[in-house]
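Everything on this sheet refers to the single structure shown next.
No value in this document is a laboratory result; all are computed from the given coordinates. Quick caveat: nothing in here was measured; it's all calculated off a predicted structure. Note: ideal-geometry Cβ built from the backbone for every residue, glycine included; neighbour counts use all protein chains shown.
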Amino acid sequence: FDSGRLADPSSVTSCGYEDGDLLCISVRSWWSCMNYYLAIIPFLGAVEAGLFGQLQYEIEILPPEEQRADFCYSVADCRSRVPKLMDEWKAYFEHQAVSPATFSSFKLDDALHLMWRAHVSSIAYALPKFQDSLKYLSDPEANFGEDWANAVDFIAATHFSTDLQTTNNFQAFLPQRMLTEGDVLPSISDFSPQQNRVLLSLRVLHKANQLTGGLLLKLWQKAMSTEAGRKMGRKLIEDLVSS
C-alpha cells in the first residue's frame, strides 16, 4: 500500500518515488514529519520505560540532512527537548509492561486513555512546528491533513481501539492517494462513496470546531467522560463508515 504521502512533495528530490528510493521517507513531507512524532517519540518513550529491557548500547536515530533542529534523536535528547511528550509516552508503555502478577488489574480503557493522551500531545506539538510544510501540498491535501489532525482529538476522546484489525479495517475509508487541486468533495470519482463521505465529514467537523472556537470539541469531550458515552461515540464513528 503506497499513498505517496511520505515522498518528497516538492519533487526536488526522488525520495519516495519509483525512479529514486521508493522506501525513502522525505523530511519535506508534512505527513513524514508529523509521523516522526507518532513513531520515533513513542519508540524512544518505550525504550525509556524499559520495554526492551536493559540495552547494551544507547539508541540514537540518524538525523536527516535537512531540518535537523526539528527533531530529537535519543532518549536524552528528546527528554531535554520534549519532556512532556516523553513523560506521556513513557507512562503509556510503563502501563503496558504488566507482569503476570498484576495482569488481572490491567484495564484496556486505562491503556487507551494513556495512549490517546500521548498521541494527541504529539500531534499538538508537531502541528504548528510543521505548518510551513503544508505549502508543498495541494489545498485539498493540506485541508485533509489538518482535518485529520483535528478529528484525532474527537476520536481520542472515545478511547477508540487501535488494534491491528480495527486499524486495518478503518484505513480503507481514507484516501488511498494524495489529493489534487481537481478533487472536489464529495464527488471524487476514483474514491468510494464511503471515502468521499468520511473526507467530507472530517472537513465539516474541522470547520464546525473552528467556528465554535473549539467549543464543539469541549462538548464532545464532556460527553465522552463516561464509558457509556465513549461507547456511543465509538458507535457513531463506526456507523459513519459502515452506512
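Tabulated data for the structure shown
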{"quantity": "Per-residue HN-Hα couplings for region 125-131 [Karplus 6.51, -1.76, 1.60; θ = phi - 60°; Hz; x = Gly/Pro]", "calculated": "6, 7, 4, x, 5, 10, 4"}
{"quantity": "The chain - mean residue ellipticity at 222 nm from DSSP helices (-39,500 (n - 2.57) per run, n ≥ 4, rounded to 500)", "calculated": "-17000 deg cm²/dmol"}
{"quantity": "Contact order normalised by residue count of region 16-84, Cα under 8 Å, 6+ apart, percent", "calculated": "23"}
{"quantity": "Magnitude of the charge dipole, the chain, Cβ model with Lys/Arg +1 and Asp/Glu -1, debye to 20", "calculated": "1040"}
{"quantity": "Lys218 versus Ala111: modelled label distance in nm, points set 7 Å from Cα along the beta carbon direction", "calculated": "3.4"}
{"quantity": "Per residue convex hull volume, Cα atoms of region 27-136, in Å³", "calculated": "96"}
{"quantity": "Unit charges at the beta carbon, dipole of the chain: most positive-side option, His113, Tyr136, Ile59", "calculated": "His113"}
{"quantity": "Extension gain, Leu240 back to Asn169 (0.36 nm per residue minus Cα-Cα distance, nm)", "calculated": "24.2 nm"}
{"quantity": "Loop sites in region 6-77: GluC sites (Glu not before Pro), DSSP, at most 11 other Cβ within 10 Å", "calculated": "Glu18, Glu58, Glu65, Glu66"}
{"quantity": "Binned Cα-Cα distance frequencies in the chain - 10 Å width, integer %", "calculated": "7, 26, 35, 24, 7, 0"}
{"quantity": "In sequence order, calculated HN-Hα J values of region 41-51 (Karplus, 6.51, -1.76, 1.60; Hz; x Gly/Pro)", "calculated": "5, x, 4, 5, x, 5, 4, 5, 6, x, 5"}
{"quantity": "Dipole magnitude of region 159-217, debye to nearest 20 (Cβ charges: Lys/Arg +1, Asp/Glu -1, about Cα centre)", "calculated": "160"}
{"quantity": "Relative contact order (%) - region 71-183, alpha-carbon pairs under 8 angstrom, separation at least six", "calculated": "27"}
{"quantity": "Long-range amide H partners of Ser74 with built H, under 5 Å", "calculated": "Ile61"}
{"quantity": "Part-to-part distance (alpha-carbon centres) for region 1-78 and region 203-243, which is given in Å", "calculated": "31"}
{"quantity": "Only Lys, Arg (+1) and Asp, Glu (-1) charged, at Cβ; region 40-171 dipole about Cα centre in debye", "calculated": "340"}
{"quantity": "Whole-Å semi-axes of the ellipsoid equivalent to region 138-243 (Cα gyration tensor, √5λ, descending)", "calculated": "24, 18, 11"}
{"quantity": "Per-residue HN-Hα couplings for region 159-165 [Karplus 6.51, -1.76, 1.60; θ = phi - 60°; Hz; x = Gly/Pro]", "calculated": "6, 4, 6, 10, 5, 4, 5"}
